[in-house]
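All of the numbers you see were taken from the coordinates with simple rules; none came from a lab. Quick caveat: nothing in here was measured; it's all calculated off a predicted structure. All Cβ positions, glycine included, derive from the backbone under ideal geometry; neighbour counts span all protein chains shown.
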Amino acid sequence: MDRLAGMEVFARVVETGSFSEAARQLGLSKSAVSKQVSALEDRLGARLLNRTTRRLSVTEVGEGYHAWCRQIAEQVREAELSVSRLHAEPRGSLKINAPVSFGFLQLAPMIPDFLASYPDLDIDVTVNDRFVDVIDEGYDVVIRIGKLADSSLVARRLGSAELVVCAAPSYLAAHGEPAGIDDLSRFNCLVYSQAGPAVEWRFQTPDGPRVFRPGGNFRANNGDVLRHAALGGVGLARLPMFIVWRDLRSGALKQVLGGYRDSAPGIYALYPHNRHLSAKVRAFVDYLAARLGAHPCWTGASTVTG
């Protein structure tokens, strides 16, 4: 219990950035908090915090240890809730990560209704397009789109992210529409650079799968940036339907090559095995699956092309 107490004190110091504030929140004296952290450092044989008269900072070792402290504290709390049968109602903190465009366009509008249903939850959402380490970075749920690498994480498919090739009507009026996959090489194609140096557009044809490597004068690591370039008439973009469905319905963008499709990338919720029974994770993943399942908001948008 002394070890757990020391970890809790250390985590609170890191999160508040202050011995005094940590002491206030924990109902301890500042000297007691300082002694707890010093005893923890002595036991570990490592410096976790750099202290000066003006500044408190976390060492590299301390940052890694803090992530473990947070995870352990959360597991202890969930174990206590389970024993007391309070786990039936989702509560506590829920840390979520999602890709930028999906986070802004789809996840963010869903959060208010979910919070209204579970007011005892505190939600912390981070959006970025980099690959995050779910366990080391302390996430409860991570949303990923596309093919998943093998891992020890639990993965639940929430829905599909259909990809469409589209462009502004002004661009198509000036350059024509591609007659087929082989014709794409004469068009300026907007490239999603986050996919890596060898970007590929994959299509299913009556003769089997085909691969086209797009090239053009514009690259970006974010789908919304590519969308704006397409809307501005820069070229053809291949984007998820959840980004462009409104533009397709309004006619601001028009789909091309609609007869060539690939199996739509999956939208997945990933979470650690040791949290698969957590009420908060289960409730959130079930909610996403219900909203993104058979009939997401962008269903059928490509049938209206302006």
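Neighbour counts of other Cβ atoms within 10 Å put His66, His175, His273 in the fewest-to-most order His273, His175, His66.
Given an 8 Å cut-off on Cα distances and at least 6 residues of separation, report the relative contact order of the chain as a percent.
Values: 475 pairs, mean separation 61.4, N = 306.
Relative contact order for the chain comes out at 20 percent.
Could you please rank Tyr271, Tyr260, placing first whichever residue has the fewest other Cβ atoms within 10 Å of its Cβ? Walk me through the intermediate numbers first.
Working: Tyr271 23, Tyr260 18.
Fewest to most other Cβ atoms nearby, the residues stand as Tyr260, Tyr271.
Bridges between two residues of segment 163-256, per DSSP, are antiparallel at a rate of about 75%. Against the chain, whose longest principal axis is taken from its Cα atoms, helix 60-83 shows a tilt of about 80°. Structure remark: mean-square fluctuation, Gaussian network model of the chain, C-alpha springs under 10 Å; the largest value among Ser101, Ser185, Ser151 belongs to Ser151.
Based on the alpha-carbon set only, what is the convex hull volume of the chain divided per residue, in Å³? Present the calculation step by step, with values, prior to reporting the outcome.
Values: hull volume 53.0 nm³, N = 306.
Cα convex hull per residue, to the nearest whole number: 173 Å³.
Rounded to the nearest 20, the size of the Cβ-charge dipole of segment 154-288 about its Cα centre is 500 debye, with Lys and Arg at +1 and Asp and Glu at -1. Taking the DSSP bridge list for segment 59-213 and keeping only pairs wholly inside it, about 35 percent are antiparallel. For segment 163-256, the square roots a ≥ b ≥ c of the C-alpha gyration tensor eigenvalues yield an a/c under 1.5, which makes the shape rounded. Of the residues Ala79, Ser20, Leu40, the one whose Cα sits farthest toward the positive end of the charge dipole of segment 2-83, with +1 on the Cβ of Lys and Arg and -1 on the Cβ of Asp and Glu, is Ser20.
Using a/c under 1.5 as the rounded threshold, could you call segment 2-83 rounded, prolate or oblate? The axes a ≥ b ≥ c are square roots of the C-alpha gyration tensor eigenvalues, and prolate needs a/b larger than b/c, oblate otherwise. Prolate is the answer for segment 2-83, as a/c is 1.5 or above and a/b outweighs b/c. Each Lys and Arg contributes +1 and each Asp and Glu -1, all at the Cβ; summed about the Cα centre of segment 2-83, the dipole is approximately 420 debye.
Between Arg249, Arg144, Arg186, the GNM of the chain built on Cα springs shorter than 10 angstrom shows Arg186 fluctuating the most.
Rounded to the nearest 10 degrees, the inclination of helix 30-44 to the longest alpha-carbon principal axis of the chain is 70 degrees. Bridging of Lys95 to lysines at a Cα separation below 20 Å is possible for Lys280, once same-chain residues fewer than 8 apart are set aside. Each peptide among 279-286, 164-171 gets the average number of other Cβ atoms lying within 10 Å of its residues, and from highest to lowest they stand as 164-171, 279-286.
Could you give the dipole magnitude of the chain about its Cα centre, charging the beta-carbon of Lys and Arg +1 and that of Asp and Glu -1, in debye to the nearest 20?
Dipole about the Cα centre, nearest 20: 260 debye.
Shape class for segment 85-147: oblate, because the ratio a/c of the largest to smallest gyration tensor axis (alpha-carbon atoms, square roots of eigenvalues) is 1.5 or more and b/c is at least a/b.
The fewest-to-most ranking of Thr205, Thr53 by surrounding Cβ atoms within 10 Å reads Thr53, Thr205. Measuring from centroid to centroid over Cα atoms, what is the spacing of segment 22-60 and segment 101-168 in Å? If we compute the Cα centre of each part, the gap is 35 Å. Counting DSSP beta bridges in the chain, what percent are antiparallel, to the nearest 5? Restricted to the chain, the bridges split so that about 65 percent are antiparallel.
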